[in-house]
Each structure stands twice: as structure tokens, then as C-alpha cells.
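Following: one structure in C-alpha cells, then a few remarks.
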Amino acid sequence: MRYAGYIIALLLILTGCSDRLETDLTVAGLETSVRLDISVKPMQSTAPSTKAGYIDPSTQESTQIRDLWVLQFDGTDGSAKMLKAWYYPDYTPSTDIRLLTSTSANTILLVANTGDKTAELGRCRTLADAVNVGKTVFDDTSANGGWTSGWNIIMNGKTTAVITDGMAPISVSLVRNAVRVDVTVNNMTESSANPVTVNSVSICTGVQKLYYYTDYTLPDIYPTEQNVEPYIYPATDWTDGTGTSDSRKFTFYVPANKRGTITNGVQADKPRMAPSNSTYLLILGRDSESREVAYRFYLGADLVQDFNLLPGYRYSYTINLTSAGDYRTDARVENLHMQDFTATPLANAYMVQPPLLEGVWKSVRVPVRRVHDFWNITDGYEKVNNNALEPGCFGWQMEIIRSTVELVEDVNFKWIKRTGTDYTDYFEFAVPAGLAGNFVLGVHRFTDAGQTLWSWHFWVTDYNPDATLSLLTPESDASGYEARYAYDVVGGQVHRYRGDIWKSPNGALKDEFMMDRNLGATSVTEHHGPGSLYYQYGRKDPFPYSSKNWNAVANGVIIYNRYNDEKWIPYRTNAQLEEAGVTDDYVRYSVYHPEMHITIAGSWSKSDADSEGRIYNNATNWYDTKLGADYLTSKSIFDPCPPGWRLPPDNCMGTPTGTVSSTVNMVLSKTLPNGAVIYYPCQGSYFNGIWSSSVQFYTDIKDFSGLWANRRYSAANGYRSSGGSYDKCRALSVRCVSYTEP
């Protein structure tokens, strides 16, 4: 009979049966019947037949096995080949398991309660392959196999044994794959000045996959494969919790998620230090003015330092809400409604984090004063009094100049305050949840709609290094050089590099950090697309990547601009500018026309001078004629980076010996000896309507594309932060370094 079973197994392979898979028959033994002695490690609680509400921890959870996958491997390490995979849809303790006899130790892997006979477990080739098999979950009830009667959590376990005829039952202990989260929320805001009504509680995580095989030594960061965007599970209504009107208890099951630990001593600061894709609890409600409020509590072994949720473990939390909270002092309170930049240092770009909740709009308020710095008659760069918007002028109005996402009034963009009186005023707009991308807004005199006096770039992104930067402390080795390189911030990381300018205690960048992505990018690996921005040396306004320009990749990226008749980057040649009467006021022209690329070989501004006769292209620091030669610590008036950030110095991106480089899908990554990974998307450059070949062809990528530094190399060329130089008329990407305003 053993031989007959072996022949049937071979026929099943040839007919493509999905319930059973055997591989590498040359090393397989003969089939034999084996019984399993299965035990289940408790989560110290039990699960009811309905999920809503809280689960009483006084009793243990069900140990019922509804179905079972059995996988046999011909060894005990990750390279062990799979010999057999069998699915038992109705497993009971009396079920005979068919395994292959062996002369050495085999690994037997069990996965229970998947509810899926087509699971990819049957396609594994090695034990290491099984690590990456799982299911995408869409709510916190997906931790079971999909049964509506009873709550049967997916479990797994493994053992090693030599398989022989007539052997004793094989003992295997199963652990639950999911993480259990028990939460008690006490709403204590009734007696506060601004009472909050809690509406719902939910889980948000960057890991949406529940892996079937977790019964092994998990790496420090698990899983390594994760979602790019955090996923919010459907909310559980406040009334579905167990308890009273102001105190409710909830239970959730979520995928395991290890993100590590941080050095922190204050609960209110934990969200600022959260590693990317960590799991958090989201509490939503409304305050006494009917405004939405949101709280985020990052989960782990505690609410202060730990971000690890381990499979098979139960975590219990008590959340006390005592007030509506203040997002400026407590990072657990979400900033939903306003980003006010009127009290921040002036800049030409601003990072806007869209509101978290669908249907909510966030206002953004920005001062107009920068226009006066450039144009005023007393000490401006270009002394044109009317352009300076002095008090008593006819006022000003804002307009949308260019965008990488189509902005539609009252759909994904609102003007809150579009006009003003003079340069001491501000403008204000609002964006909704879900918006991401880049746009440029410009101001003009109310009586002269055709001439932009200044413009600002807005980068709408979940990336928010500003929330964390003040809490970070650089780590140095015994010689004072950077030792850690990558530091977690809200929505990503910031970096430091090798070299004397980063060295503690005397380097020019000793306490500074660099963004982990290019200015305007929608991700760390975007090589071209809606978040790929390019800058001519000395100019503050970006040129987005366009699929419409000649020689570009036709990937559907469209640039929306104020003319509504050009879907690409418009440009003017030397001859065209001279024909229009522009012979030396190139910088002034660039301010008036922020959307226009100037295609003049070498220095796009030629020998243009400011009102004091100082030549712009002779300025050491990004065309700023009022700054000296200290490009290491100063910021130009034309600098394209947000407040608290500036263009970096040249040759600042050094990495240590032992760094391993690789290029995949037009993205160069550098893996440092300590495991930190730094990405350099190969974005190429733009000149005269032509994109460089590194944007087009994978085979042309030899290194990451150039990133501008802030230092002049010559009248016609500027340095790159990665080394070397380029002619100033070419448009390259930018990556910003943190900057302490004087």
C-alpha cells in the first residue's frame, strides 16, 4: 500500500492537483502514516464567536484546529527542500498524516486555520521560501481562516524528526500568528474646557500581510517586506466596545510587526520617533466645536520606547484621554486643521502634511514677506518699490502657477485667503486628506495679473522630519565620525554621512541631518514621476518631470500650469529671450517667470547683476550676492528647501568602507556595514527640452544622478553634493540638509 500511495502522489503532481505537492522525488522516501500530538500555546485569553467588543482574559482562547497544512522538508535549515505539502480541510486529532520516511532529521511545518486550500504554502521549494507566504488582511478579524461561526485564529509550529514506519505520534506546539491587542479607553474630557466625544477606535499599520510561518527566530526588523503606505483597518464604533459611556474596552488581532526600540522617556514624544510602518492605535472623535480630533498611540511592549508586536503575544493598554490635546506639545495628538508658517523662518518651499482623516481639510498659512526681501528699495536685491508691495500699494492676489496633480477648487484645493494688502500680510489655502504631490503658488500685484513677483513651492507629503529632528542625537565612533547613518523620523528617515564636515565636534554639519529622499519626492525610491523635481542652479522654483517633453519616458505624468495649454516644461532659448528684450536681467526674469526653463549654455544668467552691481553667477552660495563665501553654514534667499533646511555642501555624501552598492529598477541603493540602506533614485537631468538618458534607459545607469550642492564651481558651473560639477543651466534634483537659522 505504501507503493500505491507513492504512485498516486506522482499522478497528482502530473495532473496539477492544488491540494498536494511533492517535489524532488529522487530524494523522497516512501509514504507512511503518522499521528500528530498537537498542543497550542495560549494567548492567555479566549475569543468569542463575535469579534466586536472586549475579550475576557480570564479564560484561554480556543485551541480548535479547523484545517491543517502539513509541509515536510528534507533538512533543518533554510535551504532544506520541501518534500511534501498536504492540505487537510477537516483535520481532527484522529486524522492520519501521510509523511515520507527519512534517514535523517526532517522539518515538519504545520499551519492551522488558514481556510485556504490554494494557499501558496503548496508552492514552497525550501523552508526559507515559507517565510514569505501569507495572506493580505483587510480588517482585524482576518487573523482567522474566514469562518463566521467561532473564532479560529491562524496558528503555526514546527518540529524536527526522523520519519519511520510505526513511529510514535509527533509532538508539535502551535503558536498563533497574529498579535492580540487589548485596549481600555477612558474618556475623561467631560470636565475639561473642550470636551471630546469619542466616535471610534481602530488599528493602523504598515504591515498588511499576516505570514503563515512565524515559529522561528524572527529578525530584528520583521517583516522586511512591508507596505509603502500605512493601512487603516475599518474602525470599530465606540458603542461596540464593552463598558460604560465613558470607558470602553476593545480587542483587536493584527499581523506581527517588529520595528525596534528607541531611546525616549516621554509618552508624548513616542510618535515623533516612530520607525516607518510601525503599528498604532487610532482614536477618533469630535470636540465641543464639532471639529474632528484624532489621537495616535504607537504600540509595542510599552507606550514609550518599544515598537515590537510579536506573534502569539497579548498586549494590554490603558488610554486615558484627559483633554482635546495640543499637537504642538503632544505628538500623540494629530494636527488635522492648520499648519501656520507665519511665525517660522522665511522660505521658498514648505512641507505640508495632509490631514489624516477622510473628509477633513487642513489650512496652510504662509507669509508674503519674502517678496519684500527681494524687491524693496532700501536693501533689496532688485530695488523696485512697486514690486515690494509696500504699505499703501493696491494689494496683491495669489494664483496657482504649476502643479503635478490637477487642483480643482473645492474638490482637492480651497483658497481661504487669496488676496491681501501689503507684504506684512499672509495667504491661506486648504488641502484635503489623501492629497499628495507638488504645486507652486505665485503672488502678483492686484492691478497686474500677468507678472509674478514671488512664488512658493508646496510639497504635500506624509514625510515629516521636522516633528522628530529636535529629539535626535548623532552617534559618533571613537574618531568622531558618523556611526549610525540612518535615523527614523515620522514617515521615513534622515541620514548622516562620512566625512570631516559631519565629524563631531568641529564639523560644519556635526549636528545636522539630511533628508532620505529628494525634495518633492513621493517616496525614497521614485526615479521619475509626479514627485521628481529639478532645479536650475541658483533658482528656487522646481521643474517637475514631464512625460510630454522630447526624449522622456511616456509614463503619463502631466504638468498642470496657469496657461492650461502646455502640458510640459516651457523654455526660452538665448535667442528667444534677446528677441523679447531680455539681455541681462535673467534673475529678474526667472522670478517673473518661475515656470520657464532658461536654456542658455553654461550659466543661464550669463553676467546678470543685482541693483548693487554684484554678479549673480559669481556668488559663492546659490546666486546669493549678499552672502559671503561661507557656503557651509549659510542659506541663500533663492534656496529651494523648506524652513529649517537648505542645500547641502559639495562632496557631503560619503559612506564608509564596506558599503555595498546595487542598482534595481533605476534606483541605486547603498547598504552600509551596519545595515543602514540609503537610496539614490537615478533621476537624470533636464536641459533644453531633453531628459538625460539615465531617466530613460536602465542600461545607461552607472551611478545615481547628480544632486545640486549650494557652492559655485565657476561662473558657468556648480558643484554637486555627490561630487563633480555640472553646468548651471542644467536642471538637477535636490536633497536638503537641516539648518539652524541664525
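Kindly indicate whether I154 is under 18 Å from I108 (Cα atoms), buried (at least 21 other Cβ atoms within 10 Å of the Cβ) and modelled with pLDDT under 95. When the stated conditions are applied, I154 passes them. Filtering the range 383-408 to residues that are within 30 Å of G434 (Cα to Cα), aliphatic (A, V, I, L, M) and in contact (Cβ under 8 Å) with a residue 24 or more places away in the chain leaves M398, I400, I401, V405, L407.
Taken over the range 508-529, the criterion of being under 16 Å from R646 (Cβ atoms) and surrounded by fewer than 19 Cβ atoms within 10 Å (Cβ to Cβ) is satisfied by A508, K510, D511. Just for the range 347-375: of the residues that are among the hydrophobic types (A, V, I, L, M, F, W, C) and over 21 Å from L435 (Cβ atoms), which one is surrounded by the fewest Cβ atoms within 10 Å (Cβ to Cβ)? Here the residue is F374.
Only one entry of V360, V364, V431 meets the criterion of being in contact with an Asp or Glu (Cβ under 6 Å, 6 or more places away or on another chain), touching a residue at least 40 places away in the same chain (Cβ under 8 Å) and at negative phi, and that entry is V360.
Being among the basic types (K, R) and buried (at least 18 other Cβ atoms within 10 Å of the Cβ) is not true of K117. Test N177 against the stated conditions and say whether it is within 13 Å of I319 (Cβ to Cβ) and among the polar types (S, T, N, Q). In short, no. Residues of the range 717-742 being surrounded by 18 or more Cβ atoms within 10 Å (Cβ to Cβ) and outside any strand (DSSP E or B), which ones? If the condition is that a residue be surrounded by 18 or more Cβ atoms within 10 Å (Cβ to Cβ) and outside any strand (DSSP E or B), then S721, S722, K728, C729, R730, V734, R735, C736, Y739 are the ones that fit. Does the range 448-470 include one or more residues that are touching a Lys or Arg at 6+ places or on another chain (Cβ under 6 Å), surrounded by fewer than 18 Cβ atoms within 10 Å (Cβ to Cβ) and not in a loop (DSSP other than H, G, I, E, B)? There is no residue in the range 448-470 that is touching a Lys or Arg at 6+ places or on another chain (Cβ under 6 Å), surrounded by fewer than 18 Cβ atoms within 10 Å (Cβ to Cβ) and not in a loop (DSSP other than H, G, I, E, B). Of the residues screened, S192 is not one that is surrounded by fewer than 22 Cβ atoms within 10 Å (Cβ to Cβ), in a strand (DSSP E or B), hydroxyl-bearing (S, T, Y) and touching a residue at least 24 places away in the same chain (Cβ under 8 Å). G260 meets the stated requirement of being out of contact with any Leu (no Cβ under 9 Å at 6 or more places or on another chain) and outside the structural domain of N144 (by TED's automatic domain parsing). Taken together, the criteria exclude D639 from residues that are farther than 25 Å from L707 by Cβ, at pLDDT 90 or above and among the charged types (D, E, K, R). For the range 563-571, state whether one or more residues are in contact with a Ser or Thr (Cβ under 9 Å, 6 or more places away or on another chain), farther than 26 Å from P742 by Cα, surrounded by 17 or more Cβ atoms within 10 Å (Cβ to Cβ) and at pLDDT 90 or above. No, every residue in the range 563-571 fails to be in contact with a Ser or Thr (Cβ under 9 Å, 6 or more places away or on another chain), farther than 26 Å from P742 by Cα, surrounded by 17 or more Cβ atoms within 10 Å (Cβ to Cβ) and at pLDDT 90 or above. Any chance the range 593-604 includes a residue that's over 19 Å from K728 (Cα atoms), out of contact with any Cys (no Cβ under 7 Å at 6 or more places or on another chain) and either part of a strand (DSSP E or B) or not polar (S, T, N, Q) (or both)? No.
For the range 361-400, the set of residues classified as in contact with a Ser or Thr (Cβ under 9 Å, 6 or more places away or on another chain) and among the hydroxyl-bearing types (S, T, Y) consists of Y381 only. Apart from one condition, V667 fits all of (1) modelled with pLDDT under 90; (2) touching a Lys or Arg at 6+ places or on another chain (Cβ under 9 Å); (3) within 23 Å of W645 (Cβ to Cβ); the exception is (2). Whether any residue in the range 400-413 is buried (at least 21 other Cβ atoms within 10 Å of the Cβ), touching a strand residue (DSSP E or B) at 6+ places or on another chain (Cβ under 8 Å) and within 15 Å of V591 (Cα to Cα) is what I want to check. Looking for residues that are buried (at least 21 other Cβ atoms within 10 Å of the Cβ), touching a strand residue (DSSP E or B) at 6+ places or on another chain (Cβ under 8 Å) and within 15 Å of V591 (Cα to Cα), one finds at least one in the range 400-413, hence yes. Anything in the range 232-268 that is of a type outside the set (S, T, N, Q), part of a loop (DSSP other than H, G, I, E, B) and more than 21 Å from A294 (Cα to Cα)? List them, or say none. Result: P255, A256, I262, G265.
Please tell me if T344 is loosely packed, with under 14 Cβ neighbours inside 10 Å and of a type in the set (S, T, N, Q). No: the conditions fail for T344.
The values are calculated or read from the model by the stated rules, or taken from the named source; none is laboratory data. Small disclaimer: the values here were computed from a predicted structure and weren't measured. Quick reminder, even Gly has a Cβ in these numbers, built from the backbone with ideal geometry, and neighbours come from all protein chains shown.
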